[in-house]
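Everything below concerns the one structure shown next.
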Amino acid sequence: MSVFIIRRLMQSLLVVVIMSFLVFMAIYQIGDPTDLLVSPDAPQEEIERVKRDFGVDLPFHEQYFKFVGKALQGDLGNSFVMNDPALQLILQKMPATLELAFSALFLSIVLGIPLGVYAGLRHGTFSSKLIMSGSILGFSLPTFWVGLMMIMIFAVYLGWLPSTGRGETVEVLGIEVSFLTWDGLTHLFMPALNLALLKISLVIRLARAGVRETIHMDYIKFARAKGLAYRRVILLHLMKNIMIPIVTVIGLEFGGLIAFSVITETIFAWPGMGKLIIESILLLDRPMVVAYLMITVMMFIVINLLVDILYSILDPRVRLQDVKS
Amino acid sequence: MSSDQPTLSVRNLQTYFYTKAGIAKAVDGVSFDVKRGEIMGLVGESGSGKSVTGFSIIGLVDQPGEIAGGEVLYKGQNLVGMPEEQMQKLRGNRIAMIFQDPMMTLNPVLRIDTQMIETVLAHEKVSKDEARQRARDALGQVGIPAPDERLRSYPHQFSGGMRQRVAIAIALLNKPELIIADEPTTALDVTIQGQILYETQKLCRETGTALMWITHDLAVIAGLADRVCVMYAGRIVEQGMVEDILDSPAHPYTHGLIGSVPSHNKRGQRLFQIPGMTPSLLKLPVGCTFKNRCPRATDACNVEPEIQTLDSGRQLRCHNPHLETAA
Amino acid sequence: MKPEATAEASAGGGIAPAPAAAKVQTPFQRFAADFLESRIAVVGLVITTIVVFIAIFAPLIAPTDPFDLAKVDVMDNLIAPGDKNFAGDFTYVLGTDGSGRDMLSAIFYGLRTSITVGVSSGLIALALGMSVGLAAAYFGGFVDTLIMRIVDIQLSFPAILIALVFMAVLGPGIDKTIMALIVAQWAYYARTVRGSALVERRKEYVEAATCLALSHRRIVFRHLLPNCLPPLIVVATVQTAHAISLEATLSFLGLGVPQTEPSLGMLIRNGFDYMHSHKYWITFFPGVALLVTIVGINLVGDQLRDILNPRLQK
């Protein structure tokens with residue numbers, strides 16, 4: 001088991017290094033590098049100073065190592081717009097984005113799995129076909145359009161839910177969270193559902209496919225032949241078998257949730273990392289973009305690693321195979 | 001009542017599959033008894049309906065199939081039409097089933113002890129520890145060494161033969177009175193097969209459990225069973241005591257089956273085969289279902305033969321049996 | 001074109017009648033017949049055709065040119081659908097936006113941009129991904145491993161993120177949007193093509209071609225490629241819909257095409273602010289156009305997948 005983890009860690013580290021290289025290349029080498037280190041509006045002496053400081057005239061690899069050195073200390077530059085360390089600004093907004101992403105994750109599990117399992121068990125019935133058609137729609141409709149429609153219908157025309165912003169927050173362990181207040185929940189619901197829509201469709205399809213595959217397996221029949229209650233057969237024997245691929249996919253797709261949050265946060269004016277990054281891009285605030293990229297890449301890698309580990313815990317066949325090797 | 005009543009009594013069972021292509025009569029008027037402690041072999045080619053018979057008895061026929069008629073009497077109680085809750089109380093408890101492929105029978109993501117303990121707890125309110133103890137004993141009964149360690153293992157850590165023993169152990173957990181075994185040794189190699197056959201036989205004799213062994217392999221029946229039912233295209237064409245039937249088969253199909261066993265053939269001669277193929281269950285011939293392949297078929301065979309009972313207790317469905325050889 | 005017919009005709013001296021209702025269909029006819037079996041797919045095909053038609057002929061069929069600044073009258077702004085303009089002589093079927101532009105025309109032009117960007121980026125990404133995938137599958141070994149590592153890493157990041165970063169670095173513009181979309185899509189094509197090419201490569205006709213000492217290029221393009229086409233066609237269809245959706249998303253966020261050549265996404269963005277004041281049509285109708293386009297293409301893709309896949313297995 002530990003061999004497995006170590007191997008994965010090494011792979012992840014390699015990817016981080018490569019990504020940092022690519023990011024550095026992309027952001028700092030395209031166009032005039034000084035544009036990225038200091039705002040073009042700054043006074044000339046400032047620009048000269050930065051040039052010397054950052055050694056823009058230095059050879060490429062030296063620049064890169066300087067970049068890495070600073071990055072490892074947590075210094076990814078200062079935002080042009082706000083003049084505060086970029087990393088700090090992003091981390092401040094991260095809880096809001098994570099709250100949104102986790103809520104979407106929660107919804108996709110809580111809605112997606114029961115609907116998918118139901119569609120699988122009741123194959124061929126009208127409700128199952130309805131659920132499947134719904135999932136196809138959920139897949140093909142662009143997220144931002146659905147978000148717009150949601151606002152239009154539920155906020156503007158029906159007035160049931162607020163259309164923008166985050167609700168009241170409460171501090172838990174030093175972090176502001178909004179799902180513990182009713183106001184917070186009403187603000188959270190639509191964006192989370194919008195973000196979750198793609199995932200819900202995916203989970204429904206996965207769950208249904210899993211059920212269709214597993215329900216005819218001999219071990220299900222055997223479980224029934226043992227006289228077990230139907231509920232146990234479904235909830236334990238069936239579910240445990242279909243959960244493995246579902247968990248893997250959900251886990252891997254969690255990164256997608258973080259990425260897609262840029263859209264949802266923009267539409268619903270949710271004060272998270274995503275909204276911040278879009279604004280930064282539009283304002284040409286490059287250090288922010290770099291910082292966001294590095295953080296996102298790290299998150300992706302960590303998530304992938306965790307999912308791999310989780311997978312090996314859930315599927316005993318994988319775990320024990322590795323021990324033998 | 002009491003010990004004279006057969007444990008299992010199947011009367012004119014009919015299980016049909018209602019498909020888009022037509023009605024497939026997988027089991028069409030099957031009747032037999034299995035007495036207490038008796039081992040009955042149900043023999044037939046694939047497609048003869050023998051597995052469906054087994055599933056019909058335990059009530060696990062899948063859509064689009066259903067039991068269309070007849071009775072299945074377990075100690076006098078009719079299982080056909082019994083509400084599912086009551087059936088669940090019997091399954092795994094009084095009536096147990098062993099399936100063919102041990103690899104697919106056990107749930108790969110659950111541990112062995114989970115799968116055994118749940119069988120006990122589904123039917124009896126005992127403590128988990130006691131259920132675990134019973135599981136341990138059952139594993140010992142089927143000859144699995146180091147049961148404690150084995151209980152904590154997963155199915156894929158067992159070999160095929162061991163897995164089947166586990167399945168048998170599960171079947172025995174609640175001391176059932178009837179076990180239906182659907183080709184349990186077909187997927188195993190011959191030596192293991194022999195062991196399991198021997199042990200199963202011993203267990204049934206000791207505990208008085210009635211055993212219905214479904215197979216296509218006559219050799220297995222010869223060594224194991226007391227009575228045999230030969231099934232063809234959904235009907236039982238001949239049934240009786242094993243020695244009788246194997247020595248002097250009356251029905252041409254049984255005759256052909258025995259004749260096609262390689263050891264029965266002379267060296268250097270062409271292996272005997274029953275000509276033709278099993279008919280599709282959707283398009284059965286009118287009258288005797290075997291007539292198109294039967295060397296003794298006559299015009300009389302256009303009418304379906306009734307069940308005749310011979311003096312020896314043997315039952316037969318044939319217009320032109322090999323009666324000279326039968327008692 | 002039916003050899004039997006001509007042979008019979010000449011053999012029988014021209015008196016023998018041609019075989020009735022030729023049973024010999026070309027593969028394309030068979031394919032078309034299979035496709036047309038599903039009514040939903042036909043609907044999808046019709047939608048797609050209409051959309052493409054509009055995209056190509058937009059300047060000719062749009063009632064006004066919404067981007068000709070001389071003709072646009074700001075006095076006509078925010079007119080609801082079905083109402084007349086200020087002068088009373090023209091009905092705006094779908095209303096106007098905040099600057100007085102006719103929504104219907106804007107949608108036509110928007111479709112044009114959306115489809116152009118989506119399809120061109122798709123085609124280039126396909127060509128690129130296909131070449132890479134074929135090379136990886138054909139040469140195998142280190143080349144294959146290297147390429148697939150890159151592909152895998154890229155595929156572990158969502159397309160939107162990749163496109164986002166690209167646009168952030170390069171700035172807005174149609175050509176840059178197309179490039180970003182190409183970068184975001186090529187990996188998927190590469191993986192698909194490599195997958196089917198690997199399967200095909202093991203087959204005997206490739207061995208035979210190699211024995212004949214045909215050049216690499218010839219083997220790959222004349223022999224390997226045609227057999228990899230069916231899944232590629234399916235993927236291309238669905239990916240085009242994704243590309244259009246992705247472009248719309250980027251434009252909506254303000255990172256895609258510029259204001260002067262709006263795509264449907266940009267139109268939706270423009271209408272976003274008016275939504276809260278109940279002027280829904282500025283956002284709603286472009287959205288519907290986008291939706292219909294994407295769903296239409298997806299329906300076609302679904303049906304293609306159904307009919308091309310079983311055939312693959314034969």
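Scanning the stretch A:123-156 for residues that are of a type in the set (Phe, Trp, Tyr) and either under 21 Å from the mean Cα position of the chain (by Cα) or crowded, with 20+ Cβ neighbours inside 10 Å (or both) yields a count of 3. Which of the residues that make up the stretch B:75-100 are part of a strand (DSSP E or B) and farther than 30 Å from residue B:161 by Cβ? Answer for the stretch B:75-100, where residues must be part of a strand (DSSP E or B) and farther than 30 Å from residue B:161 by Cβ: B:77, B:78. Across the stretch A:82-99, a minimum of one residue is classified as at pLDDT 80 or above and small (Gly, Ala, Ser). Within the stretch A:287-304, the only residue that satisfies the criterion of being closer than 30 Å to residue B:107 by Cβ and at pLDDT 80 or above is A:303. As a summary of the residue check, residue A:249 satisfies the conditions (1) surrounded by 20 or more Cβ atoms within 10 Å (Cβ to Cβ); (2) at pLDDT below 85; (3) among the aliphatic types (A, V, I, L, M) except for the one numbered (1).
The conditions of being surrounded by fewer than 23 Cβ atoms within 10 Å (Cβ to Cβ), within 12 Å of another protein chain (Cβ to nearest Cβ), within 24 Å of the chain's Cα centre (by Cα) and closer than 27 Å to residue C:154 by Cα are not met by residue A:258. Scanning the stretch C:258-289 for residues that are facing chain A (nearest Cβ under 10 Å), assigned to a loop (DSSP other than H, G, I, E, B) and of a type in the set (Ser, Thr, Tyr) yields C:277, C:280. The residue that is surrounded by the fewest Cβ atoms within 10 Å (Cβ to Cβ), counting only those in the stretch C:162-177 that are within 15 Å of residue C:245 (Cβ to Cβ) and of a type outside the set (Ser, Thr, Tyr), is C:162. Of the numbered conditions (1) in contact with a Gly (Cβ under 8 Å, 6 or more places away or on another chain); (2) assigned to a loop (DSSP other than H, G, I, E, B); (3) polar (S, T, N, Q), residue B:63 satisfies every one except a single condition; which is it? Checking residue B:63 against (1) in contact with a Gly (Cβ under 8 Å, 6 or more places away or on another chain); (2) assigned to a loop (DSSP other than H, G, I, E, B); (3) polar (S, T, N, Q), the one that fails is (1). Of the helices (runs of 4 or more DSSP H) lying entirely inside the stretch A:119-234, the ones with 1 or more residues being away from every other protein chain (no Cβ under 13 Å) and farther than 18 Å from residue A:108 by Cβ are found at A:126-140, A:182-214. Which residues, counting only those in the stretch A:104-121, are surrounded by fewer than 19 Cβ atoms within 10 Å (Cβ to Cβ) and not hydrophobic (A, V, I, L, M, F, W, C)? Residues satisfying the conditions are A:114, A:118. If you check residue C:246 against the conditions, is it in contact (Cβ under 8 Å) with a residue 40 or more places away in the chain, facing chain A (nearest Cβ under 9 Å), assigned to a helix (DSSP H, G or I) and within 19 Å of residue A:279 (Cα to Cα)? Here the answer is yes, as residue C:246 does meet what is asked. Every test in (1) in contact with a helix residue (DSSP H, G or I) (Cβ under 8 Å, 6 or more places away or on another chain); (2) surrounded by 14 or more Cβ atoms within 10 Å (Cβ to Cβ); (3) farther than 30 Å from residue B:30 by Cβ is passed by residue B:128 save one, and that test is (2). What about residue C:225, is it under 25 Å from residue C:44 (Cβ atoms), surrounded by fewer than 20 Cβ atoms within 10 Å (Cβ to Cβ) and either more than 11 Å from chain A (Cβ to nearest Cβ) or of a type in the set (S, T, N, Q) (or both)? Judged against the criteria, residue C:225 is not a match.
Within the stretch A:260-286, track down each residue that is at pLDDT 85 or above, in a helix (DSSP H, G or I) and among the small types (Gly, Ala, Ser). Once the filter is applied, which keeps residues that are at pLDDT 85 or above, in a helix (DSSP H, G or I) and among the small types (Gly, Ala, Ser), the stretch A:260-286 yields A:261, A:274.
Restricted to the stretch B:211-327, the set of helices (runs of 4 or more DSSP H) holding at least 3 residues that are charged (D, E, K, R) comprises B:242-247. Filtering B:91, B:111 for residues that are facing another protein chain (nearest Cβ under 9 Å) and in contact with a Ser or Thr (Cβ under 9 Å, 6 or more places away or on another chain) leaves a single hit, B:111. For the stretch B:48-69, the candidate set comprises residues that are crowded, with 20+ Cβ neighbours inside 10 Å and more than 14 Å from chain A (Cβ to nearest Cβ); within that set, the residue that is modelled with the highest pLDDT is B:53. Tallying residues that are in a loop (DSSP other than H, G, I, E, B) and free of Cβ contacts under 8 Å to residues at least 40 places away in the same chain within the stretch B:164-177 yields 1. In summary, residue B:309 fulfils each of the numbered conditions (1) at pLDDT 80 or above; (2) surrounded by 15 or more Cβ atoms within 10 Å (Cβ to Cβ); (3) of a type in the set (Val, Ile, Thr) with the single exception of condition (2).
Just one of the numbered conditions (1) away from chain B (no Cβ under 14 Å); (2) assigned to a helix (DSSP H, G or I) is not true of residue A:311: (1). Evaluating residue B:101 against the criteria (1) surrounded by 21 or more Cβ atoms within 10 Å (Cβ to Cβ); (2) within 14 Å of chain A (Cβ to nearest Cβ); (3) modelled with pLDDT under 90 leaves one unmet condition, (1).
Checking the structure you have, find out if any residue of the stretch C:286-305 is modelled with pLDDT under 85, more than 22 Å from residue C:158 (Cβ to Cβ), over 21 Å from the mean Cα position of the chain (by Cα) and hydrophobic (A, V, I, L, M, F, W, C). Looking through the stretch C:286-305, none of the residues is modelled with pLDDT under 85, more than 22 Å from residue C:158 (Cβ to Cβ), over 21 Å from the mean Cα position of the chain (by Cα) and hydrophobic (A, V, I, L, M, F, W, C).
Looking across the stretch A:142-161, the residues that are in contact with a Ser or Thr (Cβ under 6 Å, 6 or more places away or on another chain) and without any contact (Cβ under 8 Å) to a residue 40 or more places away in the chain come down to A:142, A:155, A:161. Across the stretch B:1-38, what is the total count of residues that are assigned to a strand (DSSP E or B) and more than 27 Å from residue B:63 (Cα to Cα)? Residues in the stretch B:1-38 being assigned to a strand (DSSP E or B) and more than 27 Å from residue B:63 (Cα to Cα): 1 in total. Annotation note: of A:54, A:24, the sole residue that is aromatic (Phe, Trp, Tyr), more than 27 Å from the chain's Cα centre (by Cα) and either modelled with pLDDT under 70 or within 30 Å of residue C:156 (Cβ to Cβ) (or both) is A:54. Residue count for the stretch B:126-163, restricted to those that are in a helix (DSSP H, G or I) and more than 12 Å from chain A (Cβ to nearest Cβ): 22.
The values are calculated or read from the model by the stated rules, or taken from the named source; none is laboratory data. Computed from a prediction, not measured in an experiment: that's the story for all the values here. So basically every Cβ, Gly included, is an ideal-geometry build from the backbone, and we count neighbours across all protein chains shown.
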